[in-house]
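See structure below.
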Amino acid sequence: MADAANLGRKLAAVVHGWVGEDILDTYTTERHPVATRLPQNTRAQLALMRPDPQTRALWEMFSDLIDLDDAHRYVTDMLAGMDVRYDLGDDHRLVGTLCPDMKLNLERPDLEVVTAVTRSADLLPEGRELLLDLVDRAEVRDAAAAWTGRVNTVTACTDRVDVNALLIRPDGCVAWALPTGQDLDVTTLVRALGTWSDRPAGAPL
């Protein structure tokens, strides 16, 4: 599923002429290491299932370790693919990782209501990038205005306090993050938008 999500939007972008074919190379760069690791995990699980006393002892020790919060989180994240991080040229801890689930309250001024969404992935049904403005920063939305139609921009509130905004690819990968309270560097946001959705006419340089 992760492979299909990663490659599908990139193929669509090339077909529509939004980006060049070189973006397809990022599929191999990002997903090949994951594919290499998967059989290693499978072999490790099979090894723990061998019916001999030594493996049983190892399994009992592993069971004790998995009760530790850090070990449990490590294994759970690994199985869910949440430990994967692509090198997207940004050292923010979220960039290149799958966006974690978070409770969002969406602002709907047109309806004068607030809609609760429990998963950021619920905002990615159309195969478009998602610009998530978490503290109502108009300059973030303005910087992405030229990508309207290719990028969904959503203003929401959340209990997360370490970022003011996120750009999320259709495969759920965080492509850009604005740390809390940091001035917006339009260049980095535009570069991220341009990488995955090209640069429309009228977009800032």
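Of all the helices (runs of 4 or more DSSP H) wholly in region 1-112, which have at least 3 residues that are basic (Lys, Arg)?
Fully inside region 1-112 and qualifying: 25-47.
Looking for whichever is in a helix (DSSP H, G or I) and either surrounded by 12 or more Cβ atoms within 10 Å (Cβ to Cβ) or at pLDDT below 90 (or both) here; the options are Thr153, Thr115, Thr195. Which one fits?
After applying the criteria, what remains is Thr195.
Return a yes/no flag: does region 45-65 have any residue that is closer than 24 Å to Leu166 by Cα and free of Cβ contacts under 8 Å to residues at least 12 places away in the same chain.
No, the conditions are met nowhere in region 45-65.
Evaluate the following for Leu131: is it in a strand (DSSP E or B), over 19 Å from Asn6 (Cβ atoms) and either modelled with pLDDT of 85 or more or not hydrophobic (A, V, I, L, M, F, W, C) (or both)?
Numbers: in a strand (DSSP E or B): yes; over 19 Å from Asn6 (Cβ atoms): yes; either modelled with pLDDT of 85 or more or not hydrophobic (A, V, I, L, M, F, W, C) (or both): yes.
The answer is yes for Leu131.
Among the listed residues Pro204, Pro109, Pro125, which satisfies the condition of being touching a helix residue (DSSP H, G or I) at 6+ places or on another chain (Cβ under 8 Å) and at pLDDT below 90?
Values: Pro109 fails: touching a helix residue (DSSP H, G or I) at 6+ places or on another chain (Cβ under 8 Å); Pro125 fails: touching a helix residue (DSSP H, G or I) at 6+ places or on another chain (Cβ under 8 Å).
Exactly one residue qualifies, and that residue is Pro204.
Mind checking which residues of region 22-38 are surrounded by 10 or more Cβ atoms within 10 Å (Cβ to Cβ) and not polar (S, T, N, Q)? Show your work before the answer.
So the first thing to find is which residues in region 22-38 are surrounded by 10 or more Cβ atoms within 10 Å (Cβ to Cβ), and the list is 23-35, 37-38.
Result: Ile23, Leu24, Asp25, Tyr27, Glu30, Arg31, His32, Pro33, Val34, Ala35, Arg37, Leu38.
Answer yes if at least one residue in region 70-86 is farther than 17 Å from Ala2 by Cα, loosely packed, with under 11 Cβ neighbours inside 10 Å and in the same structural domain as Val34 (by TED's automatic domain parsing), and no otherwise. Before the answer, list the steps.
Going through region 70-86, the residues farther than 17 Å from Ala2 by Cα turn out to be 70-75.
After this cut, where a residue has to be loosely packed, with under 11 Cβ neighbours inside 10 Å as well, the list is 70.
Filter once more, keeping what is in the same structural domain as Val34 (by TED's automatic domain parsing): 70.
Yes: one or more hits.
In region 166-191, which residue that is free of Cβ contacts under 8 Å to residues at least 60 places away in the same chain and assigned to a strand (DSSP E or B) is farthest from Thr153 (Cα to Cα)?
The selected residue is Leu178.
The values are calculated or read from the model by the stated rules, or taken from the named source; none is laboratory data. All of these numbers come straight from a predicted model, not from anything done at the bench. Note: ideal-geometry Cβ built from the backbone for every residue, glycine included; neighbour counts use all protein chains shown.
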